[in-house]
1. So which residues in the range 64-101 are more than 16 Å from the ligand (Cβ to nearest atom) and in a loop (DSSP other than H, G, I, E, B), if there are any at all?
2. Looking only at the range 53-63, which residues are near the ligand (Cβ under 6 Å from one of its atoms) and either aromatic (Phe, Trp, Tyr) or open to solvent by less than 40 Å² (accessible area, probe 1.4 Å) (or both)?
3. What is the one condition in (1) in contact with a strand residue (DSSP E or B) (Cβ under 7 Å, 6 or more places away or on another chain); (2) in a loop (DSSP other than H, G, I, E, B); (3) surrounded by fewer than 16 Cβ atoms within 10 Å (Cβ to Cβ) that residue 345 does not satisfy?
4. If residue 167 passes every condition in (1) farther than 26 Å from residue 322 by Cβ; (2) exposed (fewer than 15 other Cβ atoms within 10 Å of the Cβ); (3) of a type in the set (A, V, I, L, M) but one, which one does it miss?
5. For residues in the range 417-437 being among the small types (Gly, Ala, Ser) and assigned to a helix (DSSP H, G or I), which is farthest from residue 76 (Cα to Cα)?
6. From the residues in the range 7-39 that are outside any helix (DSSP H, G or I) and without any contact (Cβ under 8 Å) to a residue 40 or more places away in the chain, which one is nearest to the ligand (Cβ to nearest atom)?
7. For residue 111, which of the numbered conditions (1) away from the ligand (no atom under 14 Å from the Cβ); (2) under 18 Å from residue 19 (Cβ atoms) fails to hold?
8. Just one of 381, 419 is touching a strand residue (DSSP E or B) at 6+ places or on another chain (Cβ under 6 Å) and within 16 Å of the ligand (Cβ to nearest atom); which is it?
Amino acid sequence: MTGSTPQQDLDRPHDLVGVGIGPFNLSLAALAHGVPGGLAATFFEQRPAFHWHPGLLIEGATLQVPFLADLVTLADPASPWSFLNYLKGRERLFPFYFAEKFHIQRAEYDAYCRWVSERLPGLHFGHQVDSVRWNPERKLFEVDFTQLDPDGEAAALGRAYTRNVVLGVGTEPYVPEPLRPLAEAPGVPVIHSADYLAHRDSLRAAGHVTVIGSGQSGAEVFLDLLRSRPAGAERITWLSRTEAFAPMEYSKLGLEHFTPDYTRYFHALPEPVRGELMPRQWQLHKGIDAETIAAVHDELYRRTLHGGWPDAVLTPGVRVRTAGRVATTQVELHLEHVQQGTRSRLTTDAVVLATGYRERPVDRMLAGLDPYLRHDSAGRARIDEHYRLVLDPSVTGSVYVQNAERHTHGVGAPDLGLAAWRSAVILNAVTGKEPYPLPRRTAFTSFGLDAREAPSIPSQERKLTPLVQH
Ligand SMILES: Cc1cc2nc3c(=O)[nH]c(=O)nc-3n(C[C@H](O)[C@H](O)[C@H](O)COP(=O)(O)OP(=O)(O)OC[C@H]3O[C@@H](n4cnc5c(N)ncnc54)[C@H](O)[C@@H]3O)c2cc1C
């Protein structure tokens, strides 16, 4: 739903105001809609409508999680906002039944979420939230926003009052320092994979194209471009800093790291142990799904059928030291092979930066809350097990976060599979009741020892064991 809400409605205190409407706050809105007795909830999104990663809805690309990881089902399978109910509403349940696809296409997930966003009350698109402050007199948060016109220009200012705020502002594309000047300069296409589809034609037409980054997006973009290049004249290079084009962990026990049980376990760990564990778990959320890796190899193999090798260079373990323009039409990448300690230069006509995403910074938006915010030893916000920012006790309202808590809750933070569960945890905390009873156990793995059984080990004796043992 778009359009503005009369200010007098916004003056009435809300139970909950959501900032950002990506999948996670959309899940929250859908489950909030089902809370018995209702919740006064409103959500603001700066974009004019819901669109999920439009630059990477490559034909045939699928979700990395099963369709049950929709907005609501893992907390409320009877919700009218489930994926299956969407299919029913679209009279597509039988085709889906016979399709037997557990992993749906990204384009279908995007369409499903938009279907929900167009029917749920209380969602305001074209509204950018500028600041969140605590009003000690009214014991409420003040959420200031700018309503944007269809061209994205500021049209009106507004303020909403609320007892609780939920930040679901998601992530933004990340460009490594050495490549930033290039990405910002006009001329030669140097684009982040988040904008791939908008630039696909010019990338396909480029004489030579380079893809940087070995995550899922990097693999999908490389495969899509490779398929468009003439056999024997592919002129395409794929570089990655990681030591290998490695598969994402997808074993059934490995996936139990994306359960509420593991999230609870991780949150209870001492901060230094969490800090050490995160980088070691890269294969749980980075890497490439096995099907895509196989498709890349299949395509390369297919191109050898008539003899010769494709003109495609795939090199892991390479760091881009610096990059510059050659004349106005080409880019020169200065490369360093970390293990070999060798350096070389690559001249290319276009670059796709599949270099990932970073949590969208909220410092400016929360500047007014600074005096109340509590931080950990690395200066990051402290977040409790209910996804609440730890604030000075004088603040009687709560600010919750979604997908900004990897440092406190672990690898599951950006995972769609935990969307409904996290929304339910937040709504149970906001209502102080249990509109969504949650499972006490969700994994076969028992993470950690039951403290009652074993005496605790003094921290300096704690030594982490590697994740995989041969
Ligand atoms: C290409 C891609 C594919 C992915 N596929 C999967 C997958 O298959 N499975 C999986 O588990 N995870 C996947 N992920 C990870 C994750 O699920 C997604 O990133 C997901 O979109 C995160 O949802 P979100 O709601 O946190 O944020 P986002 O989708 O980033 O949405 C946040 C929203 O907040 C809005 N916003 C920001 N600031 C403001 C403001 N000040 N005022 C108003 N609005 C604001 C933004 O405009 C945006 O719409 C994928 C990620 C990417 C990039």
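1. Passing the criteria: 76, 77, 78, 79, 80, 82, 90, 91, 92, 100.
2. The answer is 56, 63.
3. Going through (1) in contact with a strand residue (DSSP E or B) (Cβ under 7 Å, 6 or more places away or on another chain); (2) in a loop (DSSP other than H, G, I, E, B); (3) surrounded by fewer than 16 Cβ atoms within 10 Å (Cβ to Cβ) one by one, residue 345 breaks only (2).
4. (2)
5. Looking at the filtered set, the residue picked out is 429.
6. My answer is 38.
7. So the condition that residue 111 fails would be (2).
8. None of the others qualify; the one that does is 381.
The values are calculated or read from the model by the stated rules, or taken from the named source; none is laboratory data. What you are looking at is a predicted structure, and each value in this text was computed from that prediction instead of being measured. As a convention, Cβ positions derive from the backbone with ideal geometry for all residues, glycine included, and neighbour counts pool all protein chains shown. The protein model used for the area step is the full one, side chains on, heavy atoms only, and it has no ligands, DNA or RNA in it. Shrake-Rupley method; radii C 1.70, N 1.55, O 1.52, S 1.80 Å.
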